[in-house]
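Following: one structure in structure tokens, then a few remarks.
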Amino acid sequence: MSMSKSPTHETRVTRVPFLRKASVAIAEKLKPATRRSSVRKTYETAQQRQKQLQRSKPFQFVFTYTCYLLLLAFVYFVLIGRPLWGGTVWYIYVLFEYRLTFVGGTAIFVGLASFYAFGPLLVLFERPAPEVLAGTGNDDTPRLPPAPFVGPSLELQPDPAILERKPPKNDTALLIPCYKSAGLLPATLEHALKVFPATSIFILANGNSPTPLDNTEEVCNTFGVNHVWIPVGSKIVAQYVGAYVARSFPFQLLIDDDCLLPPNFPIVSERLTGRIKCLGYTLASIGEGRSRGTWCQQAQDLEYKLSGLQRLFAGKIGSATFPHGAIVLWETEFLIRTFKEHPGFSVSEDWFFGHVARELGSRIIMCSSVFVETETPSSVFFASGGSRGGFGEMTVFKQRFKRWNFFFVNGCYYNLAYILFSWKLGWWEIGAKLFVLQEVYETFLYLITPIVLPVSFFVRPTYTAYLFAATLGLYFLNAMIFNELHLRFAGRTVSRSMLIFYYMPFKFALTFVNVASCWWSLWQYAKYFAKRHPRIIEDEKAVGVVLRIEEDAENAQGGKEVFDSGAVGRPLSQISTRSYQSSRSSHRSGHSGNRPRRLTVTAIPVDIVRDPFDVDPLERVMTADGAPDVWIEGVETPDVHFNARQMESSSACWVENRSLGRSGGNKPKVRRLSEALAPVVEFEEREDEEEFGLGQYIYYGV
């Protein structure tokens, strides 16, 4: 199987058109007719389900006030009881005063608190990700692989400076759902473009309007990124649509509109293997203008970092309960599966993502080599006017009382069901359930605090005061060790003065906010669940948007058969296995006759900032010390072959066949061509030719 053999067909180099429309730039057609039919069927089912879920206004009224009545009856007849019986509160007093060993009971409480507080301190954050060399980001050139490529008959040794550059991550899409965030996005995109090419970034603007609510699209046009308007005001619906919009990418990174990606942000998609389909990143809180912010924001900074360490520890011994909702990396197909099982609640959607992912058999781990910055509320209870863009609230109280903590009590049902009936993680389930149990335990403490704490102070006031102070001291010691050891190692310490004088009062206040929010949410559940909430795939509007995008993508192709539309709208670093297999299946079934089918491979020249296809086909391309421009991975299917049509002498490159399934036992050879690298080279698949074995094709500029 020699590459020097003259091919049957003449060379033809074409130019791939680049379209900015997100509906075209988005999706690789994976069996387009079948997929579109599947989405349409889901849409029709959602229409029927939407009608079934409708509840009349009278029913909602009766349901709401019946729940109110039952809750009041529980408080009176169960907790108070008198004059019918003593009541739960009275019998708790009797137990504490006469029956239980008070000291022994508190020892159990302190022991559990110590384990959950100090256990995560047994692990350290990862070493900080290396800084990016000047001129190596996506704002200047594509990122290059970190090691030399070694082929069967060729070995390249790039300059050591080249080896330090990060590998290309054009297999990952960046999805940013936003709501009236034109003011926030410039800073977010400025940082994102240092990590991702513009064609891999998708702004998912949403709102309850058929037309955009602000000038977010103009901001996107300025930065050259994709903009998608979703006429449904819901973050989770925007994420659902985005998952389909960027389905051609094997991986998707979802971030909030105020997250600032550092220049050395690692896209660790290689960690998503085996049972791991979901990965979170550690967060850091910042103030306005990337300052350290107020003491309130610095206290949240410590909280976020400590939460990241706890999730890191949980992921190492089992699975984190859920990743931070602000930033999470998913395997695309698994994310779409997760959406299909997601209950669809717009509140605490990130918690339900984690719950469903674990139920489907995915471990959730953390990457802690960077801290992704996100802006947080500047005060606990009162704000001095103004409003934050996106999904943010102005105060910590509003953020947690009304949104973060809303499903604490309801989540106990899902957690207990998971502990008892979900065992898809194998032995990792033990560690995972340990931290799921922690959530149940903490919620139980919040619910009983209004009863047990007053009774404890009444029965043993001095001992309870000492115990309360000791608990605060325990968590203060935990925070001090974390700051002086873990954060110092990571170079991200917080202010000692804030930690000493502010952090514990801050946590003390938030503890009672959590207690109050649990009881408030119980009252609000009556109104919330009076309406039935469809799952995402039962939401007619959400599925309808996806269906329109699928149809727009088909129309944009002009009826042409394109098996690798990933070349349109993003720098291509891989040939899609699935798109190729779909072409192969149709070929074997005889639908295409004898017409050869094309698989277009895009070679991306260097020094292209916005539009990698906006380049003269004969423009000369130079790289330092023979470093590879693009690494293109083919499909490792040994029984199908390409005919590599010989390029003219004006196309300077090396094409290396790294096939795993070559016939005849001949060693593959490398053919060097001459002058300039063309943007697009085509390979045809024909059953009667085996001149160039199927495998991994590496394209080198000279």
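The values are calculated or read from the model by the stated rules, or taken from the named source; none is laboratory data. In this text the structure is predicted, and so the values were computed from the model without any measurement. Note: ideal-geometry Cβ built from the backbone for every residue, glycine included; neighbour counts use all protein chains shown.
Test PHE353 against the stated conditions and say whether it is farther than 24 Å from LEU204 by Cβ and in a helix (DSSP H, G or I). Judged against the criteria, PHE353 is not a match.
Being modelled with pLDDT under 80, touching a Pro at 6+ places or on another chain (Cβ under 8 Å), outside the structural domain of VAL409 (by TED's automatic domain parsing) and among the polar types (S, T, N, Q) is a condition met by no residue of segment 551-560.
Restricting attention to segment 516-545, report how many residues are closer than 16 Å to PRO231 by Cα and out of contact with any His (no Cβ under 7 Å at 6 or more places or on another chain).
First, the residues of segment 516-545 that are closer than 16 Å to PRO231 by Cα: 536, 539-545.
Filter again for out of contact with any His (no Cβ under 7 Å at 6 or more places or on another chain), leaving 539-545.
So the answer is 7.
Restricting segment 465-512 to residues that are closer than 23 Å to THR395 by Cβ and among the polar types (S, T, N, Q) leaves a set whose member that is surrounded by the fewest Cβ atoms within 10 Å (Cβ to Cβ) is SER497.
Okay, residues lined up against (1) farther than 20 Å from ALA192 by Cα; (2) at pLDDT below 90; (3) in contact with a Cys (Cβ under 6 Å, 6 or more places away or on another chain); (4) buried (at least 18 other Cβ atoms within 10 Å of the Cβ):
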position: ASN226; (1), (2), (3), (4): no, no, no, yes
position: VAL232; (1), (2), (3), (4): yes, yes, no, yes
position: ILE236; (1), (2), (3), (4): yes, no, no, yes
position: TYR240; (1), (2), (3), (4): yes, no, no, yes
position: LEU260; (1), (2), (3), (4): no, no, no, yes
position: GLY274; (1), (2), (3), (4): yes, no, no, no
position: LYS277; (1), (2), (3), (4): yes, no, no, yes
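Across segment 37-90, the qualifying residues are those that are under 41 Å from the mean Cα position of the chain (by Cα) and not in a helix (DSSP H, G or I), and the one among them that is farthest from TYR240 (Cα to Cα) is SER56.
Residues in segment 282-302 that are in contact (Cβ under 8 Å) with a residue 40 or more places away in the chain and of a type in the set (Gly, Ala, Ser): ALA284, SER285, GLY287, GLY293, ALA299. Of all residues in segment 339-369, which are modelled with pLDDT under 90 and of a type in the set (Phe, Trp, Tyr)? PHE345, the sole residue that qualifies.
Selection of segment 393-421 for residues being outside any helix (DSSP H, G or I) and over 23 Å from the mean Cα position of the chain (by Cα) yields MET394, THR395. Taken over segment 422-455, the criterion of being of a type outside the set (A, V, I, L, M), outside any helix (DSSP H, G or I) and in contact (Cβ under 8 Å) with a residue 40 or more places away in the chain is satisfied by SER422, LYS424, GLY426. If you go through segment 281-302 one residue at a time, do you hit one that is assigned by TED's automatic domain parsing to the domain that holds ILE236, modelled with pLDDT of 90 or more, surrounded by fewer than 21 Cβ atoms within 10 Å (Cβ to Cβ) and assigned to a loop (DSSP other than H, G, I, E, B)? Checked segment 281-302: at least one residue is assigned by TED's automatic domain parsing to the domain that holds ILE236, modelled with pLDDT of 90 or more, surrounded by fewer than 21 Cβ atoms within 10 Å (Cβ to Cβ) and assigned to a loop (DSSP other than H, G, I, E, B). Among the numbered conditions (1) surrounded by fewer than 24 Cβ atoms within 10 Å (Cβ to Cβ); (2) in contact with a helix residue (DSSP H, G or I) (Cβ under 9 Å, 6 or more places away or on another chain); (3) touching a residue at least 40 places away in the same chain (Cβ under 8 Å), the only one that GLU190 does not meet is (3). A Cβ distance below 9 Å, combined with a sequence gap of six or more or placement on separate chains, defines the contacts here; from segment 54-75, residues that are over 24 Å from ILE448 (Cα atoms) and aromatic (Phe, Trp, Tyr) reach no residue that is loosely packed, with under 13 Cβ neighbours inside 10 Å and modelled with pLDDT of 95 or more. Restricting attention to segment 303-344, the residues being assigned to a loop (DSSP other than H, G, I, E, B) and either free of Cβ contacts under 8 Å to residues at least 60 places away in the same chain or more than 16 Å from HIS355 (Cα to Cα) (or both) number 4. Annotation: of all residues in segment 456-511 being polar (S, T, N, Q) and outside any helix (DSSP H, G or I), the one that is nearest to the chain's Cα centre (by Cα) is THR493.
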